[in-house]
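J.: One structure, pasted below without further comment.
Rule-based calculations on the coordinates, nothing more; no lab input. All values reported here derive from a predicted model rather than from experimental measurement. Glycine gets a Cβ as well: all are built from the backbone with ideal geometry, and neighbour counts include every protein chain shown.
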Amino acid sequence: MAKFPYKKYIFYWEDPVGDSSWCSANDMENLKPALITTEAYLYSRNKRHIKTFASYAKETDGTYTYGDVNVFLASGLVKMTKI
């Protein structure tokens, strides 16, 4: 049986936050991205994007299908820790 080819990580990344209401200058100064925590397998990573998945199925032909997938900007990555 082949070894599972993916490693699991905890990803900490910044996600944009928006507000469609009227904001004061103080509101604008205090507006920050949300810090998101994602526990998932790393599918791929390059300079621009990180792709992850949290669920998978191994098919009868040995390939995998993936669920609970995400792609986020690599520039938003704060930290990733292998688990």
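J.: How high is the relative contact order of the chain? Use alpha-carbon pairs under 8 Å, at least six apart in sequence, and give a whole percent.
T.: Reported as a whole number, the value is 36 percent.
J.: Within region 10-44, name every residue whose backbone N is under 16 Å away from a label modeled 7 Å from Cα of Val71 along the Cβ vector.
T.: It comes to 42-44, nothing else.
J.: So which GluC sites (Glu not before Pro) in region 3-83 pass both tests, a DSSP loop state and at most 16 other Cβ atoms within 10 Å of the Cβ?
T.: Glu59
J.: What trypsin sites (Lys or Arg not before Pro) does region 35-74 have in DSSP loop regions with at most 15 other beta carbons within 10 Å?
T.: Lys47, Arg48
J.: Taking the Cα centre of region 1-57 as origin, sum charge times position over the Cβ atoms of Lys and Arg (+1) and Asp and Glu (-1), and report the length of that vector in debye to the nearest 20.
T.: With only Lys, Arg, Asp and Glu charged at Cβ, the dipole is about 700 debye.
J.: Using Cα positions and a limit of under 17 Å, work out the lysines in reach of Lys58, with same-chain residues fewer than 8 apart set aside.
T.: Qualifying lysines at Cα under 17 Å: Lys3, Lys7, Lys8.
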